[in-house]
Every structure is written in C-alpha cells, then in structure tokens.
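**Student:** Right, I'll just put the structure down here and ask away after.
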Amino acid sequence: GLGSGMPLGKEGPFVHIASICAVVLSKIMSIFSGVYEHPYCYTDILTVGCAVGVGCCFGTPLGGVLFSIEVTSTYFAVRNYWRGFFAATFSAFIFRVLAVWNKDAVTITALFQTNFRMDFPFDLQELPAFAIIGILCGFLGAFFVYLNRQVVVFMRRQTVLTRFLTRYRLIYPGVVTFVIATLTFPPGFGQFMAGELMPRESINSLFDNHTWTKHDGSTHVLGRSAVWMHPKISVFVILLLFFVMKFWMSAISTTMPVPCGAFMPVFILGAAFGRLVGEIMATLFPNGILFDGIVYRILPGGYAVI
C-alpha cells in the first residue's frame, strides 16, 4: 500500500503488529507466572501494545499513550499510564537507534527535517494567521471524519452493489486504486498536483523553506519542490487542487479493506493547507513583517509545519 503511492499510512498495521506481539508475549510469560492468564491482563497488554505501535511508528511515546487511551477509553485503567509510556519510549528509542546502526542516519533525528532559522522562527503578528489555520483545520478535520463515515455507512447498506463487493472483496480496493492512480498519474492530470511525489516526499517538499511564489522563473534551485511549479498554472491553484483531491482520495482510501493508517494522509493534508496559507501570507507581505525594528520574512514551510 505504501509503495503504490496511495494516500495511506502505516500506523494501523504497526498497532496491529504490536498488539499481536503483546498477546504472544503474554502467553509466553504465562508459563512463568499465572498472573498473565487473567483476562484483565490481556486488556492491559493490548493497551500497551497500542501505545508501542504508535510510539514506534512516529517516535512519539506521549502520542502513543494518548492514542492507547483513546482506543481503549471504555476500559482504560490508570495503572497503564506509566506502563504504556515506558514501553512506547523503549519502542521509539530502539526504532531510531536501529536507523543509526543501519547507517540510515548519523544520529537520532526527527521524523521530518526542516531548515528554518533558529533565532526567532516567526513574528508575533503571524499568530492570527496560525489561529485561522487552527480554526479552519478543525472544521476540515470534522468534515473529513464525516465524509469517511458516510463512505463506510454507504458500503454497509444492504444493496445489490454492497452484497457484490462483500462477496468479491478485491474488486473495491482494485477500483479505488485504479481511479486514484489514474488521476495522480504524473504525465497526466497528476502534473497539476505533484503526482510524482510519494507521501513522505510530499511532506518533505511542503516543509521547504523557499517561497515558491518568488521562484516561478528559477525552479532549478528548488530541487524536488520544483514539481509544485507549472508554467501555465499558479502555485496557489496547484496547492488548492492537491488539497481538494487528496482530501476525498484519503477519505475513500482509508475505507478500503486493507491494513492502513490515517495519520500520514492527514499530515499531508494539513501540510498542504498550511503551505497554501503560508504562500498567501508571503504574497500579502512580500518584504516580510516589520516588528521592533526587525524585518521577519514569511516562511511558508513554517505554516506547513503548523
């Protein structure tokens, strides 16, 4: 699924694998202690497994614990707070250390790298723009969940189509994959929405610290980010088209009967929307914002991170 370039994540399979390992480990440990045979132990161990899956996937132990609380909220026990954090911290640490041992990284690094200035990355007068991003993304997130739910409800209705798709389960993901791959094909319509970028490459390019609206005539300095440029279409149109298309594609793709996660598609959507707002701000304030005698230039990549 990830290799196909579909708007899917790996958080779901990671949580599933971690939960399986947790259950198998508890069965092995039951040989040495009878406490692992109690039903509540399976609940606790599955809660920790959920935290480990997310912590390993994104390197975020705190996020893993919060996710485990959300998933098991009906029967979450307070005693699992430190257990989940302890296990998730180890999983994130080992996952990043293995990358260093395999020479994939020289040290334990962030999941996505940025090159922003470190002294003062944004001006206080930009806070209203950040607030607008938060408000709009809140509504868009709710609409994303609503759209995803409507697709699931439609697929569960007892109609001739759903009965046919239930009997032949590979047809539905096959059709969805064919439609999305056709629309994102780079030499075709995909050239207007950065179709040649894989999901992870999309986020890295959206975090670019160059202002794309100022580099229409010199795309060679942008590297992989040059795919967001088109000689006949504005950057704003490409970013908006990318966001709209990926929005409904992600909502439909995560309903397919394949193991997948929804975090990475949502990250991409948020980065694209933030980048669009950042490019608009850079156009409105081409010379930057003057504050306390210092001019702070707009960094659209920072808005993508927000």
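**Student:** Going by the conditions given, is residue 200 part of a loop (DSSP other than H, G, I, E, B) and either at pLDDT 85 or above or out of contact with any helix residue (DSSP H, G or I) (no Cβ under 6 Å at 6 or more places or on another chain) (or both)?
**Tutor:** Values: part of a loop (DSSP other than H, G, I, E, B): no; either at pLDDT 85 or above or out of contact with any helix residue (DSSP H, G or I) (no Cβ under 6 Å at 6 or more places or on another chain) (or both): yes.
When the stated conditions are applied, residue 200 does not pass them.
**Student:** Looking at the stretch 96-150, which of the residues that are closer than 25 Å to residue 7 by Cβ and of a type in the set (Phe, Trp, Tyr) is modelled with the lowest pLDDT?
**Tutor:** Once the filter is applied, the top-ranked residue is 112.
**Student:** From the list 250, 205, 225, 218, which residue is within 21 Å of the chain's Cα centre (by Cα) and at pLDDT below 85?
**Tutor:** Working: 250 fails: at pLDDT below 85; 205 fails: at pLDDT below 85; 218 fails: within 21 Å of the chain's Cα centre (by Cα).
The unique qualifying residue is 225.
**Student:** From 242, 236, which residue is in the same structural domain as residue 141 (by TED's automatic domain parsing), out of contact with any strand residue (DSSP E or B) (no Cβ under 9 Å at 6 or more places or on another chain), exposed (fewer than 15 other Cβ atoms within 10 Å of the Cβ) and of a type outside the set (D, E, K, R)?
**Tutor:** Just one listed residue meets the conditions, 236.
**Student:** In addition: Taking only the stretch 282-306 into account, find how many residues are surrounded by fewer than 22 Cβ atoms within 10 Å (Cβ to Cβ), within 24 Å of the chain's Cα centre (by Cα) and of a type in the set (A, V, I, L, M).
**Tutor:** Qualifying residue count for the region: 2.
The values are calculated or read from the model by the stated rules, or taken from the named source; none is laboratory data. Just so it is clear, the model here is predicted, and its values are computed rather than measured. Using ideal geometry, Cβ is built from the backbone for each residue, glycine included, and neighbour counts are taken over all protein chains shown.
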